[in-house]
1. Could you figure out which of (1) at pLDDT below 95; (2) outside any strand (DSSP E or B); (3) open to solvent by 20 Å² or more (accessible area, probe 1.4 Å) isn't true of Arg152?
2. Quick check on segment 182-200: of everything there that is touching a residue at least 12 places away in the same chain (Cβ under 8 Å) and either β-branched (Val, Ile, Thr) or open to solvent by 70 Å² or more (accessible area, probe 1.4 Å) (or both), which residue is nearest to Gly100 (Cα to Cα)?
3. Can Gly171 be described as under 22 Å from Thr264 (Cα atoms), more than 18 Å from the chain's Cα centre (by Cα), not aromatic (Phe, Trp, Tyr) and not in a helix (DSSP H, G or I)?
4. Anything in segment 208-255 that is hydroxyl-bearing (Ser, Thr, Tyr) and not in a loop (DSSP other than H, G, I, E, B)? List them, or say none.
5. Of the numbered conditions (1) crowded, with 20+ Cβ neighbours inside 10 Å; (2) more than 15 Å from the chain's Cα centre (by Cα), Arg127 satisfies every one except a single condition; which is it?
6. Take segment 201-225 and flag every residue that is under 14 Å from Val254 (Cβ atoms), of a type in the set (Gly, Ala, Ser) and open to solvent by 50 Å² or more (accessible area, probe 1.4 Å).
7. Of the conditions (1) at pLDDT below 95; (2) out of contact with any Lys or Arg (no Cβ under 9 Å at 6 or more places or on another chain), Val175 satisfies every one except a single condition; which number is it?
8. Could you check segment 166-193 and list, in sequence order, the residues that are under 22 Å from Phe11 (Cβ atoms) and of a type in the set (A, V, I, L, M)?
Amino acid sequence: MTVAASSREQFRHLALFYHGRGEYLTALAGFIQASQARGDAVFVAVPKANAQLVHRGLGVNSAHVDLADMDELGRNPARIIPALQAYAGKQNGRRVCCIGEPIWPGRTAAEVREAIRHEALINLAFRDSLVTVVCPYDSAGLPGSVITDAVRTHPAVIRDRQATASVSYLGPPDVPPRCNRALSRPPVHAETLGYADDLRPVRSFVASRAAGAGLTPSRIPDLVLAVSELAANTMRHTEGDGTLQVWHTRGELVCQVADTGHVTDPLAWHRPPSDELLGGNGLWLVNQVCDLVQARTGQAGTTIRLHMRLNGHSPRRHLSRQAH
């Protein structure tokens with residue numbers, strides 16, 4: 001099976017549809033070994049159980065593969081592109097081959113939609129790069145709609161060990177329509193706060209509602225930071241006021257920030273931090289501290305929804321700092 005790119009090719013993005021663990025491991029091991037033979041840097045980001053499978057299957061060769069747990073890295077899919085960009089940036093011009101599995105059985109509908117958006121934006125983020133990305137999809141365990149969208153977001157697909165061009169590929173920066181729809185309305189019990197030019201009420205409102213909902217105390221400053229960054233963007237980049245809404249379900253706390261701004265850069269949410277951009281890493285920070293971020297923007301304004309799980313588990317190190 002021809003999966004990996006040759007040294008003459010630039011960016012490639014392939015969806016690998018597999019059936020069962022045997023086919024999964026055979027395909028990935030072949031891709032990794034061929035990439036290593038060419039001297040490529042290899043980055044593998046798959047769910048923890050599959051990472052263990054790949055590690056055992058590769059044996060000694062796994063020592064030369066950079067493995068990441070996609071359960072952690074990709075919990076919020078907007079983290080994946082910055083992580084891969086940062087990794088590629090450290091390779092001193094070497095081709096990078098990445099296996100990335102952002103969608104697996106058991107993800108929530110909201111997570112799946114954001115992961116599909118991420119898959120579409122990969123084509124924009126890396127179109128001029130020496131990067132090959134192969135994305136495994138469990139053909140038996142995932143809904144047909146996910147498989148259909150994978151064909152739309154990947155220029156090429158691999159089925160039955162054969163790689164072919166995708167006739168349904170949308171091309172950057174297009175996203176499958178169902179993943180670009182406006183977010184659902186907040187529930188009627190959501191609490192609302194308007195803000196204009198003072199972040200103090202915003203911080204107090206978020207902190208008190210987070211504590212009342214039972215968010216782990218150590219994560220409350222992270223959420224306050226995230227919402228403060230978004231509210232500060234309203235003040236910097238729009239002439240109108242903003243609206244903050246907060247609600248919680250049995251499993252998560254949700255904060256939604258809406259204003260009249262329009263974000264025209266599709267990759268604004270998918271850039272790694274930069275030491276050169278003083279104060280310009282706010283969106284990156286928001287993605288790091290929240291379990292899921294959904295952003296929708298247009299001429300009518302921008303709505304950003306932040307999700308924090310209430311199960312007491314923090315997905316990564318805390319990045320709390322003093323907000324603006």
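1. (1)
2. Ala182
3. For Gly171, the condition - under 22 Å from Thr264 (Cα atoms), more than 18 Å from the chain's Cα centre (by Cα), not aromatic (Phe, Trp, Tyr) and not in a helix (DSSP H, G or I) - is met.
4. If the condition is that a residue be hydroxyl-bearing (Ser, Thr, Tyr) and not in a loop (DSSP other than H, G, I, E, B), then Ser208, Ser218, Ser228, Thr234, Thr243 are the ones that fit.
5. With respect to (1) crowded, with 20+ Cβ neighbours inside 10 Å; (2) more than 15 Å from the chain's Cα centre (by Cα), Arg127 is out only on (1).
6. If the condition is that a residue be under 14 Å from Val254 (Cβ atoms), of a type in the set (Gly, Ala, Ser) and open to solvent by 50 Å² or more (accessible area, probe 1.4 Å), then Gly212 is the only one that fits.
7. All conditions pass for Val175, except number (2).
8. Val167, Leu170, Val175
The values are calculated or read from the model by the stated rules, or taken from the named source; none is laboratory data. Predicted, not measured: the structure shown is a model, and the values here were computed from it. Cβ coordinates were reconstructed from backbone atoms using ideal geometry, including for glycine residues, and neighbour counts include every protein chain displayed. The area values use the complete protein model at the heavy-atom level, side chains included, leaving out ligands, DNA and RNA. Shrake-Rupley method; radii C 1.70, N 1.55, O 1.52, S 1.80 Å.
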